[in-house]
Amino acid sequence: SDKHDDGINYEDANELKRLLSENPMIKTLKITSGGGFSGAAYEISRTIIDYSLDTIASNECVSACFVVFLSGVNRIVEKGTSIGLHGSYWTADSLKEYFDDCKESNGWANEMAFAAWVYEEGRRDAARAYNFLADRKVKQIFIDKMMSLHSDQYWYPTRQELIMAGVIN
């Protein structure tokens, strides 16, 4: 996303759907992003897969951008482009804010009830990520390394690693 300071977001997902419905000749999506919301990236991904688009990563494609990129039928990384991956995370401040905003609507009696939900949500997110990578034909060794990254640990795989893993096809 180059229109929004907060990276990939739900507005981008809606805008992509609109653009593709109005321009059925579009076959390739060129992307550059430092990241964004994973939920929005997966929504964009569903659209890219539905339209059978090719993807081209340009300049940088980090975090949630990787999900968008990996959705392409044919995936190209322009020379000099950085593909960056890290472990998923949810900051303590945003967890507190989410708990305060949603405790009544979700029926969480206290922080421990919320903690149990967060644990399950984390398991669901990990399963979604794993299944998505496998569905996109990414090799197991790459998935294992990616899934083991800590939230503050970034990995910038080489072009050769991306090719060997089936990320670039």
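Details
- The helix-based estimate of mean residue ellipticity at 222 nm for the chain, built from -39,500 (n - 2.57) per DSSP H run of four or more residues and divided by its residue count, is -16000 deg cm²/dmol to the nearest 500.
- Of the residues PHE99, PHE37, ranked by 1.4 Å probe accessible area with the largest first, the sequence reads PHE37, PHE99.
- Three-way shape call for segment 31-74 based on the alpha-carbon gyration tensor, with the a/c threshold at 1.5: oblate
- For segment 111-120, 3J(HN,Hα) per residue [Karplus equation, 6.51 cos²θ - 1.76 cosθ + 1.60, θ = phi - 60°, Hz, x = Gly/Pro]: 4, 6, 5, 5, 4, 5, 5, 4, 4, 5
- When peptides 80-91, 106-117 are ranked by their average number of other Cβ atoms within 10 Å per residue, the highest-first order is 80-91, 106-117.
- Close amide-amide hydrogen proximity is noted between LEU29 and ASP54, THR55, ILE56, each under 5 Å apart and 5 or more residues distant or on a separate chain (H modeled in the peptide plane; Pro and chain starts excluded).
- Residue ranking by accessible heavy-atom surface, 1.4 Å probe, largest first, among ILE56, ILE48 comes out as ILE56, ILE48.
- Residues within the reach of a label modelled at MET147 (point 7 angstrom out along Cα to beta-carbon, backbone nitrogen below 13 Å), restricted to segment 114-130, are 123-130.
- For segment 142-169 and segment 83-122, distance of Cα centres in Å: 27 Å
- Here each label is just a point 7 Å from Cα along the line to Cβ, and for THR28 and ILE163 those points are 1.9 nm apart.
- Heavy-atom accessible surface of segment 10-134: percent carbon and sulfur, 1.4 Å: 53 percent
The values are calculated or read from the model by the stated rules, or taken from the named source; none is laboratory data. All values reported here derive from a predicted model rather than from experimental measurement. Counting neighbours? That spans all protein chains shown, and the Cβs are built from the backbone with ideal geometry, glycine included. Each accessible area value is taken on the protein alone, full model and side chains, heavy atoms only, with ligands, DNA and RNA left out. Shrake-Rupley method; radii C 1.70, N 1.55, O 1.52, S 1.80 Å.
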